[in-house]
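First up is the structure itself, then whatever we jot down about it.
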């Protein structure tokens, strides 16, 4: 079994082993690219979320909630007296607008230190406190167009009028008291209550968020560049480790397959993992064991077939010649005392029979030697065999090959064995003076013709023993081919074997 070798499969396995190295680097590169691409996608998602948040209604909603929950309650005590405390309200507005305590002017006022990006300036934003009669009580910063103590012209502040009216009517929902105007400003309003649920005033604010698109893109872009390099390195290391493990497991499979292709089925892939590669390893181990059993069984059958054929040939030729020799010797023994000349004649015939038996044994012994078809090919092996057969049988013989090419070892063995059988029949039964062997390679088949100029026979009633026709026909049928005998009494014999060179199913039909 160790001598079995599948040359095409060996070449394929060698190419597969070398390709695994390329696979390892491809996997490493893919892991690196996936890591970097995932980071970029996360950065893009983050940019999208931030920009959507900045351009949504969430900002004015949060401002309205802050007005309602944090600022408005601080202004309620200034409405407790007979008249609102305008000075106290103004101080609270400035305190809320900026903890620096700036009063008046056009200074850059901000909503606390935590909200430094929200500016309250004459150009960017304002804070107002309006009483229930729509009079302006305080503002930050102080604005000439909105004088304190006079009716607040809400219509001059886009989007503010309906929100102020809703707040004075008792609306407390932050979503209903905030809006983003077409000019890009945010307006938020909160009711000021005193003495229970009575609305005594309104806190209104308008501001503009700065354009943060460029800063956000800059920050995210810089962070992406800073993170891409370590992410790429980490991805490459992880990919190299993972790919090396996978490539090593596939390498073990390839090496085992190469050993199996050479007939060494003692190699076993050791992979206990439960993933697809592990399952494939176990399946291949099982397949290798089954293939080893199959080859061993076929070898045993081939040996049995060879022994049966050898026994049949011995019975049909050598045994009969030995029996005839014994009869001649017995006759000579009986005549030697009274008729020396007749006894010598019988001994001479016995000697010829012995020489014939020796020649037959030489032929059988040579046929028992296996031809190294897998190393030499069918045509060279057949040429050498016919040459030695011609020398041993003292008969002229020639070999003609046309279209020589590589076919499967199974087909080569069948053709070679049929050629042996046919030439053995020529030597034993034909009485021919020459034989010719033709080997023709067609695109889908190979044909063997063995011809002689012997006595021939009637194909309709071939000899019942000694010709091995049934064995040759069985070989052809097993491989989906045909075997025919063309013969006529006194005109010689031609044995023709045709086998397909493509795979066949068990019924002999080509697939």
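Per-residue answers, yes or no, for (1) at pLDDT below 80; (2) outside any helix (DSSP H, G or I); (3) in contact with a helix residue (DSSP H, G or I) (Cβ under 8 Å, 6 or more places away or on another chain):
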site	(1), (2), (3)
1	yes, yes, yes
18	yes, no, no
25	yes, no, yes
46	yes, no, yes
60	yes, no, no
71	no, no, yes
74	no, no, yes
78	no, no, yes
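Consider the range 339-372 and keep the residues that are buried (at least 17 other Cβ atoms within 10 Å of the Cβ) and under 60 Å from the mean Cα position of the chain (by Cα). The one that is modelled with the highest pLDDT is 360. Flag: residue 494 does not match the condition of being modelled with pLDDT of 85 or more and either within 30 Å of residue 262 (Cβ to Cβ) or touching a helix residue (DSSP H, G or I) at 6+ places or on another chain (Cβ under 7 Å) (or both).
Applying the set (1) in a loop (DSSP other than H, G, I, E, B); (2) touching a helix residue (DSSP H, G or I) at 6+ places or on another chain (Cβ under 8 Å) to residue 161 leaves exactly one unmet item: (1).
Got a number for residues in the range 80-97 being out of contact with any helix residue (DSSP H, G or I) (no Cβ under 7 Å at 6 or more places or on another chain) and crowded, with 22+ Cβ neighbours inside 10 Å? Of the residues in the range 80-97, 3 are out of contact with any helix residue (DSSP H, G or I) (no Cβ under 7 Å at 6 or more places or on another chain) and crowded, with 22+ Cβ neighbours inside 10 Å.
Of the residues making up the range 126-155, those that are loosely packed, with under 13 Cβ neighbours inside 10 Å and either modelled with pLDDT under 85 or not assigned by TED's automatic domain parsing to the domain that holds residue 170 (or both) number 4. The residues listed here are 450, 399; of these, the one that is touching a helix residue (DSSP H, G or I) at 6+ places or on another chain (Cβ under 8 Å) and surrounded by 21 or more Cβ atoms within 10 Å (Cβ to Cβ) is 450.
For the range 334-341, the criterion of being closer than 29 Å to residue 393 by Cβ, out of contact with any strand residue (DSSP E or B) (no Cβ under 9 Å at 6 or more places or on another chain), in a helix (DSSP H, G or I) and assigned by TED's automatic domain parsing to the domain that holds residue 307 is satisfied by no residue at all. Residues in the range 255-280 that are in a helix (DSSP H, G or I) and either under 21 Å from residue 295 (Cα atoms) or assigned by TED's automatic domain parsing to the domain that holds residue 296 (or both): 7 in all. Only one entry in 245, 239 is within 16 Å of residue 26 (Cβ to Cβ), out of contact with any strand residue (DSSP E or B) (no Cβ under 7 Å at 6 or more places or on another chain) and free of Cβ contacts under 8 Å to residues at least 60 places away in the same chain, namely 245.
Right, residue 166: out of contact with any strand residue (DSSP E or B) (no Cβ under 9 Å at 6 or more places or on another chain), at pLDDT 80 or above and in the same structural domain as residue 61 (by TED's automatic domain parsing) or not? It is false that residue 166 is out of contact with any strand residue (DSSP E or B) (no Cβ under 9 Å at 6 or more places or on another chain), at pLDDT 80 or above and in the same structural domain as residue 61 (by TED's automatic domain parsing). The residues in the range 181-216 that are modelled with pLDDT of 80 or more and surrounded by 16 or more Cβ atoms within 10 Å (Cβ to Cβ) can be counted, and the count is 16.
The values are calculated or read from the model by the stated rules, or taken from the named source; none is laboratory data. Computed from a predicted structure; not experimentally measured. Counting neighbours? That spans all protein chains shown, and the Cβs are built from the backbone with ideal geometry, glycine included.
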